[in-house]
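**Student:** First, the structure itself, so that you have it in front of you.
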Amino acid sequence: MTTAEWNDLCGSAPVLLDGAWGTQLHERGLAAGEASEGWNITHPEEVQALAGAYAEAGSSILLTNTFGANRISLARHKLDDRTVQINQEAARLSHSAAGSRARVFGSIGPSGKMLLTGEVSEDDLTKAFEEQARALADGGVDALVIETMADLDEAVCAVGAACGTGLPVVACMVYDSGPNNDRTMMGVSPENAASRFKDAGAWALGANCGQGPDGFRAILDQYAAVSELPLWMKPNAGLPEVVDGKPVYRVTPEEFAREAAQLCEAGATFVGGCCGTGPAFIEALRAHVR
Ligand SMILES: [Zn+2]
């Protein structure tokens with residue numbers, strides 16, 4: 001996507017994003033503990049159908065099913081030798097589903113290993129994120145989204161690697177900790193993240209996952225107080241309850257949409273859903289922001 005196209009997109013705010021991938025693929029039969037990214041190869045029709053359901057619901061941006069498709073994460077499922085293929089296939093599936101209705105942003109999540117404890121080096125992280133970002137870019141995505149990051153150093157590695165492709169990059173942390181739920185598990189504040197992300201070259205700042213839309217307003221305000229970059233908000237359908245060992249999200253599409261629409265009014269450029277949300281949530285949100 002060119003800078004002019006990016007500016008046009010941001011100018012058409014609020015821009016509706018998609019909802020969850022992981023929880024939705026579980027509903028379509030993905031087993032607990034199974035790598036959802038493997039489904040880009042083994043169940044492409046299910047992945048494309050979910051992307052299509054989001055486009056149908058009104059999402060103007062579809063992500064790719066590549067949240068954990070970096071070599072380090074994929075190694076836990078013995079899929080690391082297929083890293084490039086998985087990312088390129090995911091980009092193709094989201095594009096096929098989108099047609100001319102939506103743009104496709106490539107999803108990049110955390111490695112699952114801790115920099116702080118020395119479990120992984122910054123060099124290995126950077127290499128893994130560069131490989132994934134390059135594969136997504138070669139697969140034709142319009143932009144890249146770094147999401148669900150708790151460690152700012154890891155997130156900055158990913159943002160730098162993603163920026164190396166020349167594509168627009170959205171940088172998101174997961175805020176779910178501290179007395180006001182406005183810090184990451186590692187204690188990062190929106191203000192800390194905004195300054196490091198801007199220096200790393202991010203085009204937009206955001207938050208995803210961790211809590212429902214009611215908690216996102218404070219995060220949005222903290223970002224807006226220190227940055228003029230466009231803001232990206234993807235809350236969960238509330239906090240899950242565990243029933244029979246499985247997470248159950250109780251917030252309805254209507255409740256979610258009412259609160260998420262307020263994030264648009266408060267200045268978010270991009271709004272969608274994370275865990276527990278599905279196409280019905282995006283459809284309800286579309287009705288509220290129209
Ligand atoms: Zn989530």
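Nothing in this text is a laboratory measurement; each read-out follows from the coordinates by a stated rule. Keep in mind it's a predicted model, so treat the numbers as computed, not measured. Neighbour counts run over all protein chains shown; Cβ positions are idealised from the backbone, glycine included.
**Student:** In whole Å, what is the distance between the alpha-carbon centres of the range 74-148 and the range 155-210?
**Tutor:** Measuring centre to centre over Cα atoms gives 16 Å.
**Student:** Just to be sure I understand: with springs between alpha-carbon atoms less than 10 Å apart, which residue in Ala91, Ala133, Ala225 has the highest mean-square fluctuation in the Gaussian network model of the chain?
**Tutor:** Maximum fluctuation in the GNM of the chain, among the listed residues, is at Ala225.
**Student:** Let me ask something else. Order these by the 10 Å Cβ neighbour count, fewest first: Asp80, Asp199, Asp151.
**Tutor:** Asp199, Asp80, Asp151
**Student:** Also, I was wondering about something else. Kindly give Rg over Rh for the chain, based on alpha-carbon atoms, with the Kirkwood expression for the hydrodynamic radius.
**Tutor:** 0.93
**Student:** Another question about this same structure. Could you list which residues have their amide H under 5 Å from that of Val15, counting only those 5 or more apart in sequence or on another chain, with H placed in the peptide plane?
**Tutor:** Counting only residues 5 or more places away or on other chains, the set is Phe270, Val271.
**Student:** Further, regarding this structure: By count of other Cβ within 10 Å, fewest leading, how are Ile61, Ile146 ordered?
**Tutor:** Result, fewest neighbours first: Ile61, Ile146.
**Student:** On to the next question. So what is the calculated 222 nm ellipticity per residue for the chain, using -39500 (n - 2.57) for each DSSP H run with n of 4 or more, over all residues, to the nearest 500 deg cm²/dmol?
**Tutor:** Using -39500 (n - 2.57) per qualifying helix, the result is -13500 deg cm²/dmol.
**Student:** Fewest Cβ neighbours within 10 Å first, please rank Cys163, Cys157 accordingly.
**Tutor:** Fewest-to-most Cβ neighbours within 10 Å comes out as Cys163, Cys157.
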